[in-house]
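The structure appears right after this line, and notes come after that.
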Amino acid sequence: MTDDELMEQELVRCNKCGYCLSTCPTYNVEFSEGQAARGRLVLLQALRDGELALSQENQRPDSGLVQELGEAVSGCLLCGACTEACFSAIHTDELMVRARAGMPGGPPKGVRLLTRHFLLRPERLTAIMRLAGVGRRTGMVRLLRRLSPTLELAEELVEPAPREFLRDRLREIGFHPEGRSGTWVLPRDPRALTVGPRVVYFIGCGTNYQLPEPGAAAMRLLARAGCEVVVCPHVCCGLPPYSYGDLVSARELARRNLELLGGLGADFLVTECGSCGRFLKRYPELLAEEPDLARQAEALGEQVRDFTELLATLPLPEPVNPPAGVVTYHDPCHLGRGQGVTEEPRRLLREAAGAKLVELPEANWCCGGAGTYNLAHPQRSEAILQRKVANIESTGAEIVATACPACLLQLRHGLRMSGSGAVVKHVAEIVAEAQGLRSARVEEGVRGGTTNCET
Amino acid sequence: MKAQREIIQFPALRELRELLGPRRLLTGPLAEQLYKYDAAFEMELPLAVALPENAEEVARVVGVCAREGVPLVPRGAGTSLSGGAIPSPGSVVLSLARMNRILEIDPGAQVAVVQPGVVNLNLQNALEPQGYFYAPDPASQLVSTLGGNLGHNAGGPHCLKYGVTSHHILGVEMVTATGERVRLGSRALETGGYNLLGLVVGGEGTLGIATEIACRLLPLPEALGTALAVFDSLEEASETVSGIIAAGIVPAALEMLDQPLMAAVEQHVQAGYPLDAAAVLLVEVDGPPAAITPQMAAIEGLCNEHHARDFRSAYSREERAVLWRGRKGAAAAVANLAPGKLSTDVVVPREVLPEMVRQVTEIGRRQELIIGVLLHAGDGNLHPQIVFNPRDTEQLARVRRAQEEIVRAALSLGGAMTGEHGVGSEKRHFMNLVFGPGELALMAGIKRAFDPRGLMNPGKLLPDETPEEAERPAVPEGTFEQVAPEITVRDEQGRWRPRDYEAVSKFLALANRDGRPVRIMGAGIGLDLRSPLPTGQAEPEREVLCTLSLGRLLHLEAANLTVTVQAGMRLGELQQALAEAGQWWPVIPPGGAEATIGGILAGGMSGPLAARYGRLQDLVTGVKFALPSGEVLRFGLPCVKNVAGYAVERLMVGSRGTLGALLELTLRTLPLPERRQTVRVTGGDLETFRVRLQANGTRPAAVEPQGEGLLVALQGMESEVEALEETVAALASETGAEPQPAEEELWTLVAAGRRERLAPPPPGAEEFSRRLKELFDPRGILPGP
């Protein structure tokens, strides 16, 4: 199906019943139709039918109308909650991405440049990220942020970058290089209760550059549960440019990943990032217009598992060090609704970690993080986050578990702001600690090996 | 830019923007697109959209628009299925979505006060932990707002037992068409004065905008039982429904799906419905645990008797959810059949449901459309679901025709054009089929009384062409003294007793012509309890028209739970007739058995059972009355659900003979409780006794002070009453009180004693009452309000 056919087929099915208003997080902070799925669909329909005409005068990207339209279209979190409430199950999130692609002036040029110069070339991305980390540590960023409020917010949201990225720490985790260049293998833990599958681990950008801890914990756990874990070169999954409507870049990244990840002789492709996992599973749709690739993508997609999805099928010993304090779990949109994985993380927390789990009210309500949404729409994101924080506080939980780096950052930010003492951790971290797997965290100031394995 | 031009062109918008700021006053092409729709078909671009956040802002927005002559369209979540929130040309849409705070929940008084933008389900969720619920539960409850529910008098699957929205609204704060804030009703079950609130509920925002709503709360039922039965014939399924009602069971829900709908559901959610069956029936009963088992057993027996080929029952939340799965998935299943869906909404008397479904099927065949029928079978409300492709204009035309034919079919079967979706903009043209010019003119007059300039939600509820003044009946020739004795019988007290309706009409027309004051009277009991005059004594200067001569029972439709009687029928006679059918009209008025139905309704005193069975205005569904001009009008139907037009039948309740002479009334009846027991409790700590009894899960039908003691009514299933008796005995011994069986007649004394406790009407709305009085009785021949 072409993007245009998708648009037509989906839009016509909206009966304007308004049930999406009940679950749309942006509507429920602004209470205006422009920030609800129904209103967004009506706008797209009006554009297609010519009822909303972008005249030459107002077609300029800087015109008031285009800006307003952009606000409605870019205001969508892509959380997918509306689809669940919709009798026709309209995929408003996908339509919004198509709409972003079709906005006058197209998707932001910066995204295209970022993809071409950095996302497709991870070694450059790593270099620039190291530089950014140095800049931040030395105070250079502090200087810059005076110039830009977004940067100031970014610094608050994005925690200090780790000195070492996850790919720097593979040797320390127990990986050793193998055969094909840039491939690393973490052998099965000899104590494992079973011989598990061989899995390729997909290291998302957020995991590698921002939150290596959950990735490391997930790798250790998989090995402990009997998996042979392989890390190999790959690029960004493509979700960030996709979210900005840059389908060209997203497809380029997907094609590159199909080349790099195809034919690795593994059973599964695993990640602890709910967003990466979902996007990898959706490559067939993304590449639908290229049948050969779509078939490959289909094969790859079938191998993709969220880390919790796979680990929950493998036997682990009784926890030796269950978390002290009550744990609650926030469903990341792309894992819960996106992949239908809701039971597994909870079961891991209860059983593999031995946690006392209390259910979070509205656990699957978006936290407002949504990739870089919190930077692009800080006020709205903040308002959405407040609802989540209030729900978390109502549980009295001391530990908030989740399973996606973007949610982790957003929730940590929210709980910092509210002054709540609760800590936010990835399910992988909580389970690894409970299983007595040594924290992979290298003591501050101690330099680990330089095992960078970027292509 | 267009937005700028509009702001410059319309001083009102400039003012509104100053008031609300640019983020809460939306103008321009995008805002127009975003508020041109609701969940119905039509669309119209508004001039602007205002998003006020409090009542004061609403009042100021309305004030500005009223001054500048800009029409206003109130909007909640925009889920109206009748186009109630579609903008009229050049209007400002007033979105109340931001006014979404629950202001107060008072479990003791069983009242919640909310802003109009509160979502129905959010209120339910807030109430549940406290053990209460708000009964109206339209299918859209997860998104529709209480303001919108109020405007449309929304129903839901639980209406049969619990009634519609109007039964559960106690009071509102309303912004009037001129931007003033007035209160209607109160927090009490009943408020004195004209029942203006009864008009505003279901008024579709054409009379004013509610900014604060006092909702009645009910204790959550202690236990639930759900049954699902599959039938090979629609007739047998419908007969089962009638059989359940006839057996004295009032289920909380009685839902039915026809074959095409079952097939769609099965394809979508696999609810386990056989594809070749004709109908599936879902019955839910709720109440004290002791009452569930016998009712479920009776339901199973009836299903078997009517050859149900499958019967399943469930009691736990999870198991019940399985049985409900198909019904809950019906809407999605229908949406899955084709891109577009139209949910129509008609009501017919329960006994003709199969005939109605047959006609719908026939209409579907004729118009070559897929139509599945969803029925709230208990109250005769059905929603034929028509699926189509919105891009196919030819098919769309057939959908429209089918909708029209369905409405006409319902009307020809004695039903209503809309049961719960409202008239809105989409069914206005049917109003002429339902109402005559007199009724339409009166409704147009009501609209003018509230909104003289026609700025509140114009283009809704009333048809385009409403006669300014209907043709008045000819006044008989001759003087009053000549004609009156010919058409009435004068009794020994000098009261005029009309032979028939025509006599009432002529009598009033004559008096009206001559400006001769008249007083309408029934048995001369009920009303006078509230008037300063001694019982039965007529004011000397008024001609007294006594309706006791119009005392016949006209139609007792037991299966439909309705009865139509003449106004002069005495309550005792009515109850006797109903009892033979195993039913009653659950009202204990101050006047007792001698009081006439007309007098009881005009008096507006519901009596002690109102909290359990509903107030008078909830127990009347239709009325025929004569205006002082002699014109005879009728409003309402023998249908529990009917939201076509203004609820004049509710206005007449409590109007105390000041607006017209009641001739005929259609009442909602209920199955007689299996057992009724009155207990009088004396001595000990009665206050503690009362509080604890009312907090008890299984509640008595009424608890009222009587003399030195408390009178308690225990009513319901045998097992239920037994359980209550035990509770009463236990609580009495704990509080040192003494319970004794008592005569049921004592309740009439209690009812008479309640009159002082009727909440007085809040000040501020007198002008509306004055205008209504003027509209009904321009020459003032009837007593003042």
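The values are calculated or read from the model by the stated rules, or taken from the named source; none is laboratory data. This one's a predicted model, so the numbers in the text were calculated from it and none came from an experiment. Cβ coordinates were reconstructed from backbone atoms using ideal geometry, including for glycine residues, and neighbour counts include every protein chain displayed. Only protein heavy atoms, including side chains, enter the accessible area calculation; ligands, DNA and RNA are left aside. Shrake-Rupley method; radii C 1.70, N 1.55, O 1.52, S 1.80 Å.
Details
- Rounded if a/c under 1.5, otherwise prolate or oblate - the range A:292-384, Cα gyration tensor axes: oblate
- Residue among A:Tyr27, A:Leu293, A:Ala376 farthest towards the positive dipole end of chain A, charges placed on Cβ: A:Ala376
- Between the C-alpha center of the range B:741-785 and that of the range B:569-608 there is a gap of 17 Å.
- Ordering of B:104-114, B:419-429 by packing is B:419-429, B:104-114, highest average first (other Cβ atoms within 10 Å, averaged per residue).
- For the residue pairs B:Lys36/B:Lys773; B:Lys427/B:Lys624; A:Lys16/B:Lys641; B:Lys460/B:Lys624; A:Lys16/B:Lys773, the alpha carbons lie more than 30 Å apart in B:Lys36/B:Lys773; A:Lys16/B:Lys773.
- Ranked by how many other beta carbons lie within 10 Å on average, peptides A:203-214, A:93-104 from highest: A:203-214, A:93-104
- Dipole check for chain B: with +1 at the C-beta of Lys and Arg, -1 at the C-beta of Asp and Glu, and the Cα centre as origin, the magnitude is about 2080 Debye.
- For A:Glu228, the residues whose modelled amide H falls within less than 5 Å of its own, excluding neighbours fewer than 5 places apart on the same chain, are A:Arg198, A:Val199.
- Three-way shape label, chain B, alpha-carbon gyration tensor, a/c 1.5: rounded
- Computed over neighbours whose Cβ is under 13 Å from that of B:Ala55, the net charge equals -1, Lys and Arg +1, Asp and Glu -1.
- Dipole of the protein assembly as shown, positive end: most advanced residue of A:His91, B:Leu146, A:Ala223 [Cβ charges, Cα centre]: A:Ala223
- For the peptides B:301-309, B:480-488, the ranking by packing is B:301-309, B:480-488, with the highest mean count of neighbouring Cβ atoms within 10 Å listed first.
- Beta bridges from DSSP with both residues in chain A: antiparallel share about 20 percent, rounded to the nearest 5.
- Each part gets one Cα centre, and for the range B:27-65 versus the range B:220-248 those centres are 44 Å apart.
- Counting only other chain Cβ atoms within 10 Å of each residue's Cβ, the peptide B:35-46 averages 3.
- Test item: Cα-centred dipole of the range A:326-434, Lys/Arg +1 and Asp/Glu -1 on Cβ, debye: 200
- For the range A:425-432, the Karplus equation 6.51 cos²θ - 1.76 cosθ + 1.60, evaluated at θ = phi - 60°, returns couplings of 9, 6, 3, 4, 5, 5, 5, 4 Hz by residue, with Gly and Pro reported as x.
- Each DSSP beta bridge with both residues in the range B:594-725 is either parallel or antiparallel, and the antiparallel ones are about 100%.
- Peptide B:324-332 has a mean shielding of 1, counted as Cβ atoms of other protein chains within 10 Å of each residue's Cβ.
- Dipole of the protein assembly as shown, positive end: most advanced residue of A:Ala37, B:Ala610, A:Gly18 [Cβ charges, Cα centre]: A:Ala37
- Rounded to whole Hz, the Karplus (6.51, -1.76, 1.60) HN-Hα couplings of the range B:488-498, x for glycine and proline: 9, 10, 8, 8, 5, 7, x, 8, 8, 10, x
- The string of couplings for the range B:307-316 from the Karplus curve (6.51, -1.76, 1.60, θ = phi - 60°) is 6, 4, 8, 8, 9, 10, 9, 8, 10, 7 Hz, one whole number per residue in order, with x for Gly and Pro.
- Accessible solvent surface per residue of the protein assembly as shown, calculated while the other protein chains remain in place, 1.4 angstrom probe, Å²: 37
- Accessible surface of the range A:326-434 [probe 1.4 Å, protein heavy atoms]: carbon and sulfur percent: 52
- For chain A, the dipole from Cβ point charges (+1 on Lys and Arg, -1 on Asp and Glu) about the Cα centre works out to 1260 debye, to the nearest 20.
- Among beta bridges that DSSP assigns inside the protein assembly as shown, antiparallel share in %, nearest 5: 75
- Number of partner chain Cβ atoms within 10 Å, mean per residue of A:33-42: 5
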